[in-house]
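First comes the structure, then the notes that go with it.
Any read-out appearing in this document is the output of simple, stated calculations on the displayed coordinates, not a laboratory observation. Note that this is a predicted model, so its numbers are computed, not measured. Glycine also receives a Cβ, built like all others from the backbone with ideal geometry; neighbour counts cover every protein chain displayed.
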Amino acid sequence: MENVENYTSLQEFTEDMSSTGKPALLTKQRGSACVCILSGMKRGVDYVRTQTTAILITVLLASICANIALGVLLYNKPSISPCPLAGKLRQALESNNKYDTLHQRYLMLCKDYSELAENCTVPGIHVKQCSPCPASWLEFEDRCYYFSKDKMSWEDSKASCESMGSHLTILHTHKQHDALEAEATKNRGTEYYYWIGLSDIVTEGDWRWVDNSTVNNTYWSISEPDNHLSGGINGEDCAVLNSRSKSWSDVPCDFLYKRICEMEAVKID
């Protein structure tokens, strides 16, 4: 009887063995461990999702606040009127006028320079003021005049003045002659003839200024212009100013003389 009971217990134990040949007790224990691991992983995933959601909400709220703040700043920002000099410079560039372009750039530089000079606190520094005329030019009645040191023909002198944004001088009044004579006296030494922007190159006897305007008031010397034959086959088609007598003479255009260039003075606002 006892043997029968032992057999039965052994049979039950054997029947409880898993198909892998391992005890059922070990299988149950491993199943419980897997359940615990899966449960822990689920809780971890849920935690990560919660944290990610919180971060995204925080970033979204911060972005909304930043946009609102930027909108308020832009709305309350005082409007800045466009710089009038910049507008004039743009017009000069579009018109392809080199003189106007340089003029406007000079005004802008003068404006910036003046503002910097006002804030200059370094002792002993002398700040120069912007001038209506370039250095070494004579300013007279809103015009600037340049007296050259070298000599050229009339055509080369005309081109040289134009390369500086000016032209051979155009003389209309006695006051101009007086001012130029006084300046020429300082620089001429023994030289007192200067090319001016007057010629009859196009049509003999039709004297015109370099801007193609006709001569209204004339200051010819006695018996001038005479187109003297000593000028060769081309005659005497260009005019010089005798700064000593404040009068004009016609001479051959290929003679070499000093020149007087003229430009409009810059209006410093």
Based on other C-beta atoms within 10 Å, arrange Leu256, Leu107, Leu180 from fewest to most. Leu256, Leu107, Leu180
Amide H to amide H, which residues 5 or more places from Ser247 or on other chains are under 5 Å from it, using H placed in the peptide plane? Asn242
Which entries in the list Lys111/Lys258; Lys111/Lys175; Lys149/Lys186; Lys175/Lys258; Lys158/Lys258 go over 23 Å, if you measure between the two C-alpha atoms of each? Lys111/Lys258; Lys111/Lys175
Provide Cys261, Cys253, Cys238 in ascending order of the number of other Cβ atoms located within 10 Å of each residue's Cβ, fewest first. Cys253, Cys261, Cys238
Once R0 is set to 30 Å, what does the formula 1/(1 + (r/R0)^6) return for the Cβ-Cβ distance between Lys111 and Glu155, expressed as a FRET efficiency to the nearest 0.05? 0.20
Within the range 165-269, list the GluC sites (Glu not before Pro) lying in a DSSP loop whose Cβ has at most 16 other Cβ atoms in a 10 Å radius. Glu191, Glu204
Expected vector for the range 173-181, Karplus 3J(HN,Hα) from phi with 6.51, -1.76, 1.60 and θ = phi - 60°, integer Hz, x for Gly and Pro, equals 10, 5, 4, 4, 4, 5, 5, 5, 5
DSSP loop (so not H, G, I, E, B), at most 13 other Cβ within 10 Å: list which trypsin sites (Lys or Arg not before Pro) in the range 160-251 pass both filters. Arg244
